[in-house]
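The values are calculated or read from the model by the stated rules, or taken from the named source; none is laboratory data. Here the structure is a predicted model, which means the values were calculated and not measured. Because the Cβ atoms are built from the backbone with ideal geometry, glycine has one as well, and the counts that use them run over all protein chains shown. Just so you know, the surface numbers come from the protein's heavy atoms only, side chains and all, with ligands and any DNA or RNA stripped out. Shrake-Rupley method; radii C 1.70, N 1.55, O 1.52, S 1.80 Å.
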Amino acid sequence: MKKRILILSGGISKERSISLDTGSQVAKELKKKYSVKICEPDNNLEKNIKKFKPHKIFNALHGQFGEDGYIQTIIENYKIPYTHSGVIASAIAMDKDISKRIFLKNKILTPKYINFTFDKNLKELTKSVEKILKFPVVVKPINEGSSVNVFICTKKNFLKKVELLKPYKKIIIEEFIGGREIQVAILGKKKLGAIELKPKRKFYDYTAKYKKSAKTKHIIPVQLPKKKLDMVLNISLKAHNLIGCKGVTRSDFKFYNNKFYLLEINTQPGMTKLSLVPEIAAYSGISFFDLLEWMLNDASINR
């Protein structure tokens, strides 16, 4: 009898469409061997779990409520093995302030930053940023993924962009680091590999990530001396382990002035045709199906 796999896909985050794409492409592959059902993480979740009785849950959610520990807490209550990171690691990785504090404490280079909450005076903010970080800066929500609502700001447009993020209440303002975009995939305890991205857009934003029309160039193998490549792979594994991640993660770096700056670690990297982890895996000789099956075999409770 085929094992039953419930794929959680969709959700209510700003990354819903990417999650639906991930879910459908994961389902297409897993159907080759398993009995598969795609399910929204909504009020019918319990009913679907009771009816389908899955052996395992594949978490194909992205963004808030999908990779911040929220849905992981719910799944843990059902005592069904699930993929990717557990409650605490997911919550830490999604919170850019907490994760950056952990990086800095453990001597992992990350761009300098300040937090800002909208109960503070906006007029004083420009002065603080100029003094602590200097322009240009990057402003972003503290708990979004896929470069949603991320802006590179000059002094001139800074306050205008900050105002757009008011609904988040708390944001992060980070020094802008130029240089090369390098991303690294970790598979359990294994350093899977790296890829370099050359966006035609201002930076590797949501459009550059998910739309073919953006024509982002993917470079693999990354043209770095072996010593440097080993260094960025090791930093990724260190960050993965420090936060307590499980399964697959993807870490985003900038390589500037011969130094690697870790921007963030993603606990639910995309699994679409344009996604980076499947591309890195393929270069390492791991097919999309084998990658997904590894993730299923790695699934557990108490993650």
- Taking all pairs of different Cα atoms in the range 13-73, averaging 1/r and flipping that mean, what Kirkwood radius in angstroms comes out? 12.4 Å
- Task: Provide THR216, THR73 ordered by accessible surface of protein heavy atoms (probe 1.4 Å), highest first.
- Result: THR73, THR216
- Formal net charge of residues neighbouring SER300 (Cβ-Cβ distance under 11 Å; K, R +1; D, E -1): +2
- Task: Using a 10 angstrom cutoff on alpha carbons, build the Gaussian network for the chain and name the most mobile of GLU174, GLU144, GLU124.
- Result: GLU124
- Task: State the extension gain, in nm to one decimal, for the chain segment bounded by ASN241 and GLU46, taking 0.36 nm per residue of separation less the distance between their alpha-carbons.
- Result: 67.0 nm
- Quick one: accessible surface of ASP95, probe radius 1.4 Å, all protein chains present, in square angstrom to the nearest 10. 40 Å²
- Query: Mind checking the dipole of the chain: about its Cα centre, +1 per Lys or Arg Cβ, -1 per Asp or Glu Cβ, Debye to the nearest 20?
  - Reply: 500 debye
- Would you mind getting me the FRET efficiency between LYS200 and LYS131? Use the beta-carbon distance for r and R0 = 30 Å, nearest 0.05. 0.30
- Task: Please report the Cα spread of the chain along all three principal axes, rounded to whole Å, starting with the longest.
- Result: 64, 46, 39
- Message: Run the helix sum for the chain: -39,500 (n - 2.57) per DSSP H stretch of 4+ residues, divided by residue count, reported at 222 nm to the nearest 500 deg cm²/dmol.
- Response: -10500 deg cm²/dmol
- Item | Simple label model, 7 Å out from Cα along Cβ direction - THR73 to LYS31, nm | 3.5 nm
- Message: Pick from ILE235, ILE74, ILE142 the residue whose mean-square fluctuation is largest in a GNM of the chain, springs joining Cα atoms under 10 Å.
- Response: ILE74
- Grab the other residues whose beta carbon is less than 9 angstrom from that of VAL184, score K and R as +1, D and E as -1, and report the net. +1
- From the cross-link list LYS140/LYS226; LYS3/LYS50; LYS217/LYS254; LYS56/LYS246, which pairs have alpha carbons spaced over 26 Å apart? LYS140/LYS226
- Query: To the nearest 0.05, how large is the calculated FRET efficiency for LYS190 and ALA282 if R₀ is 22 Å and r is the Cβ-Cβ distance?
  - Reply: 0.90
- Message: Can you compute the modelled spin-label distance between LEU122 and PHE65, with each label point 7 Å from Cα toward Cβ, in nm?
- Response: 2.8 nm
- When the chain is treated as a Gaussian network with springs between alpha carbons less than 10 Å apart, the largest mean-square fluctuation among THR267, THR117, THR22 is found at THR117
- Message: Output needed for the range 1-160: three equivalent-ellipsoid semi-axes, defined as square roots of 5 times the C-alpha gyration tensor eigenvalues, in descending order, whole Å.
- Response: 39, 16, 14
- Item | Charge-dipole axis of the range 1-139 as Lys and Arg at +1 and Asp and Glu at -1 on Cβ define it, positive-most pick from PHE58, ILE98, PHE118 | PHE58
- Message: Can you compute the charge dipole magnitude of the range 1-136 about its Cα centre, using +1 on each Lys and Arg Cβ and -1 on each Asp and Glu Cβ, nothing else charged? Give it in debye, rounded to the nearest 20.
- Response: 560 debye
- Expressed in Å to one decimal, the Kirkwood Rh of the range 53-129 from all distinct alpha-carbon pairs is 15.0 Å
- Item | Test item: Cα-centred dipole of the range 78-197, Lys/Arg +1 and Asp/Glu -1 on Cβ, debye | 240 debye
